[in-house]
Amino acid sequence: MTGSQLLSADPVRRVAVVSHGKPELVEGARARLESLASDAGVEIVQDGADAPDLVVVLGGDGTMLRALQRYLGSGVPVLGVNFGRVGFLSAIPREELE
């Protein structure tokens, strides 16, 4: 089969976060993400944890590529929030995290 897989309509309950190699660049964003997740009843799990429902990347294209490689073949969607210089691979600008 080629192309994208059909994804289930199950709600997101567990989110893994992959962040930029310089944590100080995304510290405030991570706190905002944790607050949003808590309000929505979503658990933030350790990156690499078994079967998150979603991966959120806080970083640039390099961080996004690292996350995509890590979760390749898992069927877990990866969503990027741009905290890098270029951000071609990220879907969300940092100002629009919420």
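The values are calculated or read from the model by the stated rules, or taken from the named source; none is laboratory data. Note that this is a predicted model, so its numbers are computed, not measured. Here the Cβ positions follow ideal geometry from the backbone for every residue, glycine too, while neighbour counts run over all protein chains shown. Note: areas computed on protein heavy atoms with side chains; ligands, DNA, RNA excluded. Shrake-Rupley method; radii C 1.70, N 1.55, O 1.52, S 1.80 Å.
Being open to solvent by less than 50 Å² (accessible area, probe 1.4 Å), of a type outside the set (Phe, Trp, Tyr) and touching a helix residue (DSSP H, G or I) at 6+ places or on another chain (Cβ under 9 Å) is the filter here; which residues of region 78-97 pass it? Answer for region 78-97, where residues must be open to solvent by less than 50 Å² (accessible area, probe 1.4 Å), of a type outside the set (Phe, Trp, Tyr) and touching a helix residue (DSSP H, G or I) at 6+ places or on another chain (Cβ under 9 Å): VAL78, GLY80, VAL81, ASN82, GLY84, GLY87, SER90, LEU97.
For residues that are of a type in the set (Asp, Glu), modelled with pLDDT under 95 and not in a helix (DSSP H, G or I), tally how many sit in region 1-52. Qualifying residue count, region 1-52: 3. Checking each residue in region 51-63 for being exposed (fewer than 15 other Cβ atoms within 10 Å of the Cβ) and closer than 19 Å to GLU24 by Cα picks out only GLY62.
Beta carbons closer than 6 Å, at least 6 apart along the sequence or on distinct chains, pair a first residue in region 50-61 that is closer than 16 Å to VAL12 by Cβ with a second that is of a type in the set (Phe, Trp, Tyr) for VAL55/TYR71.
Please state which one of ARG30, ARG66 is open to solvent by 40 Å² or more (accessible area, probe 1.4 Å) and touching a Leu at 6+ places or on another chain (Cβ under 8 Å). Within the list ARG30, ARG66, the selection yields ARG30.
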